[in-house]
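Mind having a look at this structure? Questions to follow.
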């Protein structure tokens, strides 16, 4: 290809090994940096999230969500607020004692907690501190995969 005005690709990363993905990603970034619009379809949403500024999610031939990736993530974050926390030395059931929160995922020393009914990250952090030594605490932003699942849910 020499000086394309537009690149339109269908599943360009399909079948590539990780090195091939890196090479192709670099090529697409180079074209985009020169002002060439790059449009591609992909079900590899981690790559889409990493490479794209804007996305469109299509279900049954209809557009169900679109916009800049950060805007979609911000919208999703308002609807779904999760906190990932790890606490060393805590009793196994400490997460169950967090008021107005729902355990989404358990791990050996903590897990992911969905904040519901007005719960705040500070509520979870306070409970974690009371239970043991907090070794990890982060707000989990929704991934593009999370947003896709929500957008195409029946």
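Which condition does residue 53 not pass, out of (1) surrounded by fewer than 14 Cβ atoms within 10 Å (Cβ to Cβ); (2) over 24 Å from residue 25 (Cβ atoms), if it passes all the others?
For residue 53, the failing item is (2).
What's the number of the only condition in (1) more than 27 Å from residue 150 (Cβ to Cβ); (2) surrounded by 12 or more Cβ atoms within 10 Å (Cβ to Cβ); (3) out of contact with any helix residue (DSSP H, G or I) (no Cβ under 8 Å at 6 or more places or on another chain); (4) without any contact (Cβ under 8 Å) to a residue 12 or more places away in the chain that residue 58 fails to meet?
(1)
Let me ask something additional. Between a residue in the range 81-95 that is on the phi > 0 side of the Ramachandran plot and assigned by TED's automatic domain parsing to the domain that holds residue 127 and any residue that is in a strand (DSSP E or B) and at pLDDT 80 or above, which pairs come within a Cβ distance under 9 Å, given they are 6 or more apart or on different chains?
89/133
Anything in the range 1-13 that is closer than 25 Å to residue 72 by Cβ and surrounded by 10 or more Cβ atoms within 10 Å (Cβ to Cβ)? List them, or say none.
Passing the criteria: 7, 8, 9, 11, 12, 13.
Another question, if that's okay. Hey, among the residues in the range 27-45 that are out of contact with any helix residue (DSSP H, G or I) (no Cβ under 7 Å at 6 or more places or on another chain) and farther than 14 Å from residue 7 by Cα, which one's surrounded by the most Cβ atoms within 10 Å (Cβ to Cβ)?
Once the filter is applied, the top-ranked residue is 44.
So which of 124, 87, 113 is farther than 21 Å from residue 144 by Cα and touching a helix residue (DSSP H, G or I) at 6+ places or on another chain (Cβ under 7 Å)?
87
Matching residues to (1) more than 26 Å from residue 57 (Cα to Cα); (2) at pLDDT below 85:
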residue	(1), (2)
106	yes, yes
111	yes, yes
121	yes, no
126	yes, no
130	yes, no
142	no, yes
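Separate question: Just a yes or no: is a residue in the range 124-132 without any contact (Cβ under 8 Å) to a residue 60 or more places away in the chain, closer than 20 Å to residue 10 by Cβ, out of contact with any strand residue (DSSP E or B) (no Cβ under 6 Å at 6 or more places or on another chain) and surrounded by 13 or more Cβ atoms within 10 Å (Cβ to Cβ)?
Within the range 124-132, not a single residue is without any contact (Cβ under 8 Å) to a residue 60 or more places away in the chain, closer than 20 Å to residue 10 by Cβ, out of contact with any strand residue (DSSP E or B) (no Cβ under 6 Å at 6 or more places or on another chain) and surrounded by 13 or more Cβ atoms within 10 Å (Cβ to Cβ).
Select from the range 1-51 the residues that are in a helix (DSSP H, G or I) and in contact with a strand residue (DSSP E or B) (Cβ under 7 Å, 6 or more places away or on another chain) and list them in ascending order.
Correct list: 28, 31, 32, 48.
Taking interchain pairs and intrachain pairs at least six residues apart, which have beta carbon atoms under 9 angstrom, with the first residue in the range 98-110 and farther than 12 Å from residue 82 by Cα and the second at pLDDT below 80 and outside any loop (DSSP other than H, G, I, E, B)?
Listed pairs, sorted by first residue: 106/95; 110/94; 110/95.
Exactly one of (1) without any contact (Cβ under 8 Å) to a residue 12 or more places away in the chain; (2) touching a helix residue (DSSP H, G or I) at 6+ places or on another chain (Cβ under 7 Å); (3) in a helix (DSSP H, G or I) is unmet by residue 72. Its number?
(1)
The values are calculated or read from the model by the stated rules, or taken from the named source; none is laboratory data. Bear in mind that the values here come from a model prediction, so they are computed numbers and not experimental data. Because the Cβ atoms are built from the backbone with ideal geometry, glycine has one as well, and the counts that use them run over all protein chains shown.
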